[in-house]
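Working notes for the structure below.
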Amino acid sequence: MITIIPEAPENVAAFNATGEVTKEDFEKLVIPRVKEKVDQFGELNYLLYLDTDLDKFTIGAWLEDAVLGLKNLTKWNRTAIVTDKEGVQNFTDIFSVLMPGEFKSFPKENLYNALYWCKNGNEVEA
């Protein structure tokens, strides 16, 4: 299941993934929200907080919609993947080769910093 992170900055499409994530989650929530942000801001700043394992993403959800469906957008700017899973952090590196824009992974404890980076392009000063 995917839900919108309500406290995200206005120029960031931010989502929380829990449990099983399906193609319908992308079709009904992610893609319309992404389109709305691109239409409004002319670029896409995207954050995905992974509170589930990648094996909980159905093939239809992950490959068809995340990679093939959203890849057609030329407006990717910054994308943050928030997770404590090292394998997913490595996947983010691979994904960054396929997609335009900047990609970065953040540990779950740094959600605020990830949102800030998506919005501004830099991290919070310590």
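Only the coordinates and a few stated rules stand behind these numbers; no lab work does. The structure presented is a predicted model; accordingly, all values stated were derived computationally and were not measured. Positions of Cβ are backbone-derived with ideal geometry, glycine not excepted, and every protein chain shown enters the neighbour counts.
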Query raised in the report: Can you work out the FRET efficiency for the pair residue 53 and residue 124, with r the C-beta to C-beta distance and R0 = 30 Å, to the nearest 0.05?
Result: 0.60
Query raised in the report: Residues with amide H under 5 Å of residue 21's amide H, sequence separation 5 or more or different chain, H placed in the peptide plane at 1.01 Å from N; which?
Result: 57, 58
Query - Sites matching GluC sites (Glu not before Pro) across segment 1-35 that sit in DSSP coil, with at most 10 neighbouring C-beta atoms within 10 Å - result: 7, 10
